[in-house]
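Chemist: Got a structure for you, questions after.
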Amino acid sequence: MQLLVNDFIMSYTDAGAGIPLLFIHGFPLNRHLWDPQVAGLADVARVLAPDLRGHGDSQPTPGAYTMDIFADDLNSFLDELGITQPVVVCGLSMGGYTAFAFYRKYSQRMAGLILTATRAAGDSPQKRDERDAAAAKARNEGITVIIAGMLPKLFSSNTYIERPELTAQITSIMKSTSVDGVVGDLSAMKGRQDSTGMLAEINIPTLVIHGVNDQIVPLDEARQMAAAIPNASLDIIPDAGHLPNLERPDLFNASICSFLESIDQKVTK
Ligand code: MLT
């Protein structure tokens, strides 16, 4: 499905009925990251999974992207769909950075927040330099070099051995990202706000889901983030790395189902 959002055509998946559950993919991925959630959760929620600008089948736009631009795109996306009901927002990694930006601007339209494989802190000066170097490489050499750097870090070692099809699937997802999308993400991640100071003020139900073997965001960071958010719960997914929703969809989806039930109880109490 496609619709015009701000200045580009956005592609998205919209499946099921019930509380809207907005999934935001990470870098340099697309909505197909969430295929196991579309399959497993559309009977309990309205699952919305857009491609951010420059990703998957959404049009790329040139120039710098920011987390606020992504948040504005998602807000317009919900408006275009006519969704007025409060939404549960789930962001993975860069999608989590976007979820923080969305919370900052649009918390009034949120029923809950799910942060997975993500962190609250901003980039260190060294990390910002690395983002610039990666953007230059992507521009000069194409995104294959970025994919090669990401691939060994995405899964737990068990997943590489036992689920080789996931490596092929995630490679094909990454290959579909445009150069503008990759470069735009890198500048958005580099420039993002540090959300650590905001954690204590988050006043909607929050769930943190993290793979025990995440090589990109160590589990301790997720523990600290969950501890800093009032009443947040933390679900640690065994045998999973940076993409727990793909590696252990059974546990990931069960965690989301319990969270949705707890929100439902609060709403109907
Ligand atoms: C992601 O998985 O979205 C990115 O690797 C996060 C990051 O580089 O900070």
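Chemist: Placing +1 on the Cβ of each Lys and Arg and -1 on the Cβ of each Asp and Glu in the range 2-268, which of SER124, LEU48, THR159 has its Cα farthest towards the positive end of the resulting dipole?
Modeler: SER124
Chemist: Once a ≥ b ≥ c are taken as the square roots of the eigenvalues of the Cα gyration tensor of the range 1-126, is the result rounded (a/c under 1.5), prolate (a/b larger than b/c) or oblate (a/b not larger than b/c)?
Modeler: rounded
Chemist: Here is a follow-up. Taking the Cα centre of the chain as the origin and placing charges on Cβ (Lys, Arg +1; Asp, Glu -1), which of MET198, GLY63, SER76 is farthest toward the positive end of the dipole?
Modeler: MET198
Chemist: Okay, next question. Rounded, prolate or oblate, given the Cα gyration tensor of the chain, with a/c below 1.5 counting as rounded?
Modeler: rounded
Chemist: Still on this structure: Suppose all protein chains stay in the model; what accessible area per residue would a 1.4 Å probe give for the chain, in Å²?
Modeler: 40
Chemist: Here's a follow-up. On the accessible surface of the range 176-227, probed at 1.4 Å, how many percent belong to carbon and sulfur atoms?
Modeler: So the carbon and sulfur contribution to the accessible surface is 50 percent.
Chemist: Please identify which residues in the range 14-33 have an amide N closer than 19 Å to a label point set 7 Å out from the Cα of GLN85, following the Cα→Cβ vector.
Modeler: Backbone N within reach: 14-24.
Chemist: When ranked by the protection proxy of mean other Cβ atoms within 10 Å per residue, highest first, what sequence do the peptides 36-45, 77-86, 238-247 form?
Modeler: Ranking, from highest mean packing down: 238-247, 36-45, 77-86.
Chemist: How long are the semi-axes of the ellipsoid equivalent to the range 61-193, from square roots of 5 times the Cα gyration tensor eigenvalues, in whole Å, largest first?
Modeler: 27, 19, 15
Chemist: Classify the range 152-268 as rounded, prolate or oblate from the Cα gyration tensor: take a ≥ b ≥ c as the square roots of its eigenvalues, call it rounded if a/c is under 1.5, otherwise prolate when a/b beats b/c and oblate if not.
Modeler: oblate
Chemist: Anything over 26 Å Cα to Cα? Flag those among LYS137/LYS190; LYS105/LYS137; LYS105/LYS175; LYS190/LYS266; LYS105/LYS153, in the order listed.
Modeler: In this structure, LYS105/LYS137; LYS105/LYS175; LYS190/LYS266; LYS105/LYS153 lie more than 26 Å apart at Cα.
Chemist: For a quick protection proxy, order the peptides 9-16, 136-143, 96-103 by their average other-Cβ count within 10 Å, most packed first.
Modeler: 96-103, 9-16, 136-143
Chemist: Further question on the same structure: Given charges of +1 on the Cβ of Lys and Arg and -1 on the Cβ of Asp and Glu, with all other atoms neutral, how large is the dipole of the range 2-268 about its Cα centre, in debye to the nearest 20?
Modeler: Approximately 380 debye in magnitude.
The values are calculated or read from the model by the stated rules, or taken from the named source; none is laboratory data. Quantities reported herein were computed from a predicted structural model and do not represent experimental measurements. In this analysis, Cβ positions are derived from the backbone assuming ideal geometry, glycine residues included, and neighbour counts consider all displayed protein chains. The accessibility values were calculated without ligands, DNA or RNA, using every heavy atom of the protein model including side chains. Shrake-Rupley method; radii C 1.70, N 1.55, O 1.52, S 1.80 Å.
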